[in-house]
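Visitor: First the structure, which I've put down as structure tokens, then a few questions once you've had a look.
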Amino acid sequence: MRNLVFFVNDSSWAEHNTVGIAAINDPGGAAGPQANSGRQKAIAEIAGITPGDRIFFRLGRSAEHPTQIVGVYRATSEPFFDTNPLFPGAHKVGQKLPLRVEFDCLRNYPNPVDIEHLWLSKERGSLWTIQQARGDVIGRHACVSITTEEADLIIRLLEANNPLSAAPVNYEAQRVAVGLMSINKNSLPIDLTENSRPRNPTQGRLHYEASLESLLMQELCHGLHRDLFGDFTEVIPFVSTGAQTELDVLLSKYDGGKLLWHQVIELKAHTFSEEELRKVIDYEKWILNTRCENVLQVHSVGIGYDFADEVIAFVQDRKKYKDRPIRLIRYRYDAATQRLRLEAE
């Protein structure tokens, strides 16, 4: 089960909450050569959401209230693409917000939690991925994933602020009331273009790294690849490490709330170079220094179409000198099955 925070404002939240459908923007609708790249990055934020995942909404500050967290909701569909207005008469959520997922209300807390109460909580030491809901990251993401520990803290604060909860919202009835009789659930437009050159064929190599991330998130969230990654209990993409850097995917395993391990995954759709190697080493050091009790709890993984000779040599030397290993995994995209084939180097 994942835990997600969607960023909304007063006017968009009113429409999301009318019919139980969350939505984020599609940069692919803009003009310019980077439009499709932006679209693929946005898709990667929601790829892998499955029914049962918990959803919160970060309600942006307005003249009426400070920034707040609203909850708690549950995904009831997988993500889909729909450019229609959210419902007949919707003005804010339409063609520009087509990346969507249905949700229902797990518990209706009429009093949201001001986000400042999170930062002031005595349990604030457990907050780290939700830091993405602050600062410049808001401009880069419309939906972020957070840890189960952080989601549980938000729920405790909502409980504290609401001695009495309200009746859950009946979205089915509200959809009928506004005339929403059907939903066009088109597949997410993940660009699965393979990057191939006539003189140097590269079959199975995806053009966009974000497309690789979307496919990997979908497969991990459906329980695949445990033979390579073990029995992980949490999957989080785009984990902010500060200084405007993000690790691609973080896999974690917890037992009774206690951390057993983290796996830091760096992705490269093409050749995994020394630049990516430096990133994964930096992320390894960051998570070891900030979130782990000992060096045994962090493991680094590089996934690429192929690997530069310097990368392979460095990894082999690390192993030879008994340093922490870095696992290298080659991927191939299989167009026939529309799935990834992963093989350890």
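The values are calculated or read from the model by the stated rules, or taken from the named source; none is laboratory data. Just so it is clear, the structure is predicted and the values come from calculations on it, not from any experiment. Positions of Cβ are generated from backbone atoms using ideal geometry, with glycine treated the same way; all protein chains shown enter the neighbour counts. Quick note on the areas: whole protein, heavy atoms, side chains included, nothing else; ligands and nucleic acids left out. Shrake-Rupley method; radii C 1.70, N 1.55, O 1.52, S 1.80 Å.
Visitor: Taking every DSSP beta bridge with both residues inside the chain, roughly what % is antiparallel (nearest 5)?
Guide: Around 70 percent antiparallel, to the nearest 5.
Visitor: Over all directions, what mean area does the Cα convex hull of the chain project, stated in square nanometres?
Guide: 19.3
Visitor: List the GluC sites (Glu not before Pro) within the range 206-307 that DSSP assigns to loop and that have no more than 12 neighbouring Cβ atoms inside 10 Å.
Guide: Taking the range 206-307 and a limit of 12 other Cβ atoms within 10 Å, the loop GluC sites (Glu not before Pro) found are Glu293.
Visitor: Once the dipole of the chain is set up with Lys and Arg at +1 and Asp and Glu at -1 on Cβ about the Cα centre, which of Ile312, Val280, Val235 lies farthest towards its positive end?
Guide: Ile312
Visitor: Please compute the length gained on full extension between Gln95 and Ala167, using 0.36 nm multiplied by the number of residues separating them and subtracting their Cα-Cα distance.
Guide: Using 0.36 nm per residue and subtracting the Cα-Cα distance, I get 22.8 nm.
Visitor: Report the extension gain between Ser182 and Ser11 in nm, rounded to one decimal, defined as 0.36 nm multiplied by the number of residues separating them, less their alpha carbon distance.
Guide: Length gained, Ser182 through Ser11: 59.3 nm.
Visitor: Just to confirm a number: summing +1 for Lys and Arg and -1 for Asp and Glu over residues other than Ser165 whose beta-carbon lies under 14 angstrom from that of Ser165, what do you get?
Guide: Value of the local net charge: +1.
Visitor: Which value, in Å², gives the accessible area per residue of the chain when a 1.4 Å probe is used on the protein heavy atoms?
Guide: 47
Visitor: Here is a follow-up. Leaving out ligands, DNA and RNA, what percent of the accessible area of the chain is carbon and sulfur, probe 1.4 Å?
Guide: For the chain, the apolar C and S fraction of the accessible surface comes to 49 percent.
Visitor: A further question on this structure: Of Asp282, Asp317, Asp306, which is the most mobile in a GNM of the chain whose springs link Cα atoms less than 10 angstrom apart?
Guide: Maximum fluctuation in the GNM of the chain, among the listed residues, is at Asp317.
Visitor: Can you give the charge dipole size of the chain about its Cα centre, rounded to the nearest 20 debye, using +1 on the beta carbon of Lys and Arg and -1 on the beta carbon of Asp and Glu?
Guide: About 140 debye.
Visitor: Can you tell me how much longer the chain between His270 and Gln297 gets when fully stretched, taken as 0.36 nm per residue apart minus their C-alpha distance, in nm with one decimal?
Guide: Extra length from His270 to Gln297 when fully extended: 6.8 nm.
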